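*Asks:* Pasting in a structure now, in C-alpha cells, and then I'll have a few things to ask.
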Amino acid sequence: KTADSLPEIKPSYSDDKWTVADHNNTVNTRVPTTPVVLYASDYGYHTGNIIWRAHFNATGSETAFNAGVQGGSAFAYSVWLDSTLLGSWEGDALHADYNGTFTFPSPLKVGSAHVLTILQDHMGLEQSWAGASDYFKTPRGVLNYSFSGSSVPTVSVWKVTGNLGGESVRVFAYLWCEIYLREP
C-alpha cells in the first residue's frame, strides 16, 4: 500500500486553517525583500519541513516562477504549480540558500486562479559559535520571489505551515512527558 505524502498539491486541498503569512515587520536582523515577511520563525515554525503556498490569478504572460529560499546547509526545496511539479533544488553541503527558476509547463489562462506550493526541507537554525553573534538569527524561508513574463501577477495571499502546532506544540510535549513519566 501507499499513502499520499503531499496532499497539499491536490486541487481539492484546503489551506484555510493554515497560518496567513502577512507580517509587514520582523525582529530578524535581515530586512525582508518580499512584500510580506516569509521567514518561517516569524510564524512559529522553527523545525522540520515548511510548506509555503502562494495564491495568485494569472495574467496570461507569466512563464516562470523564481524563488530564493534559505534552509541551512544541505537543505532542499521543491516547487509545484497547482499539482504539477515544476522542479527542485536538491541541495548540497555548500549552499544554505538557493535561487531557482521554475518554468511553467504551458501558458496560464488570463484570470485563472493558481497556487504555488514550496516544500522546504528545513535543516534547523544556525548555531552561534562566537559570542555576540547574530548568526543564529539567519532566517529560514523565502528570501525573494518573482514571476518571469511581460505582465506578472501579484500574490494575493501567502500561507505557511510546518510542525504541528508551531510553537504551541511544547504544551502537548510537556503533557505527554508528565503522563509518560508517571506511568508505572
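The values are calculated or read from the model by the stated rules, or taken from the named source; none is laboratory data. Note that the coordinates shown come from a computational prediction; the quantities given were computed from them, not determined experimentally. FYI the Cβ positions are ideal-geometry reconstructions off the backbone, even for glycines, and counts take in every protein chain you see. Heads up: the accessible areas ignore ligands, DNA and RNA and are worked out on the full protein's heavy atoms, side chains in. Shrake-Rupley method; radii C 1.70, N 1.55, O 1.52, S 1.80 Å.
*Asks:* Note down the nm distance, to one decimal, between modelled labels 7 Å out along Cα→Cβ at Asn66 and at Ser12.
*Replies:* Spacing of the two 7 Å Cα→Cβ label points: 3.8 nm.
*Asks:* Something else now. Taking H placed 1.01 Å from N in the peptide plane, check which residues at least 5 places from Ser148 or on another chain put their amide H under 5 Å from its amide H.
*Replies:* Thr63, Ala64, Phe65, Asn66
*Asks:* Kindly rank 117-125, 76-84 from highest to lowest mean number of other beta carbons found within 10 Å of each residue.
*Replies:* Taking the mean over residues of other Cβ atoms within 10 Å, the ranking is 117-125, 76-84.
*Asks:* Read phi for every residue in region 54-61 and hand back ³J(HN,Hα) as whole Hz from Karplus 6.51 cos²θ - 1.76 cosθ + 1.60, θ = phi - 60°, with x for Gly and Pro.
*Replies:* Values per residue, Gly and Pro as x: 10, 9, 8, 9, 6, 8, x, 10 Hz.
*Asks:* Please identify, among Thr29, Thr138, Thr154, the residue showing maximal mean-square fluctuation in a Gaussian network model of the chain using a 10 angstrom Cα cutoff.
*Replies:* Looking only at Thr29, Thr138, Thr154, the biggest GNM fluctuation is shown by Thr29.
*Asks:* Okay, moving on. If I fit a long axis through the Cα atoms of helix 169-182 and take the longest principal axis of the Cα atoms of the chain, what angle between them do I get, 0 to 90°, rounded to 10?
*Replies:* 30
*Asks:* What trypsin sites (Lys or Arg not before Pro) does region 1-97 have in DSSP loop regions with at most 12 other beta carbons within 10 Å?
*Replies:* When the trypsin sites (Lys or Arg not before Pro) of region 1-97 are filtered for loop state and at most 12 Cβ neighbours within 10 Å, Lys1, Lys17 remain.
*Asks:* Based on alpha-carbon positions alone, could you give the equivalent ellipsoid semi-axes of region 1-46 from the gyration tensor, as √(5λ), descending, whole Å?
*Replies:* With the √(5λ) rule applied to region 1-46, the semi-axes are 29, 12, 9 Å.
*Asks:* Between Ser150 and Ala113, what FRET efficiency follows from the Cβ-Cβ distance if R0 is 22 Å, with the result rounded to 0.05?
*Replies:* 0.60
*Asks:* Would you work out the relative contact order for region 27-114, in percent, from Cα pairs under 8 angstrom that are 6 or more residues apart?
*Replies:* Relative contact order for region 27-114 comes out at 34 percent.
*Asks:* Which of the GluC sites (Glu not before Pro) found in region 1-106 are loop residues per DSSP with 15 or fewer other Cβ atoms within 10 Å of their Cβ?
*Replies:* For GluC sites (Glu not before Pro) across region 1-106 that sit outside H, G, I, E and B with at most 15 neighbouring Cβ atoms in 10 Å, the list reads Glu90.
*Asks:* Still on this structure: Over the chain, with a Gaussian network built from C-alpha contacts below 10 Å, which listed residue (Ala113, Ala40, Ala21) shows the highest mean-square fluctuation?
*Replies:* Comparing Ala113, Ala40, Ala21 in the GNM, the peak value goes to Ala113.
*Asks:* Along region 145-157, what does the Karplus equation 6.51 cos²θ - 1.76 cosθ + 1.60 (θ = phi - 60°) give for ³J(HN,Hα), rounded to whole Hz, x for Gly and Pro?
*Replies:* Per residue, the Karplus-derived 3J(HN,Hα) values read 7, 6, 10, 9, x, 6, 9, 9, x, 10, 5, 7, 7 Hz.
*Asks:* Please give the per residue accessible area of the chain, computed with a probe of 1.4 Å over protein heavy atoms only, in Å².
*Replies:* 58
*Asks:* Whenever you get a sec, compute what percent of the accessible area on the chain sits on carbon and sulfur atoms (1.4 Å probe).
*Replies:* Looking at the chain in its full context, I get 56 percent from C and S.
*Asks:* Distance in nm between label sites at Thr84 and Asn57, each 7 Å beyond Cα in the beta-carbon direction?
*Replies:* For Thr84 paired with Asn57, the spin-label model returns 2.1 nm.
*Asks:* So, one more: Determine by what factor the alpha-carbon radius of gyration of region 1-142 differs from 2.2 N^0.38 Å, reporting the quotient.
*Replies:* 1.11
*Asks:* Separation between the Asn24 and Ser73 pseudo-spin-labels, each 7 Å from Cα along Cα→Cβ, expressed in nm?
*Replies:* It is 3.9 nm.
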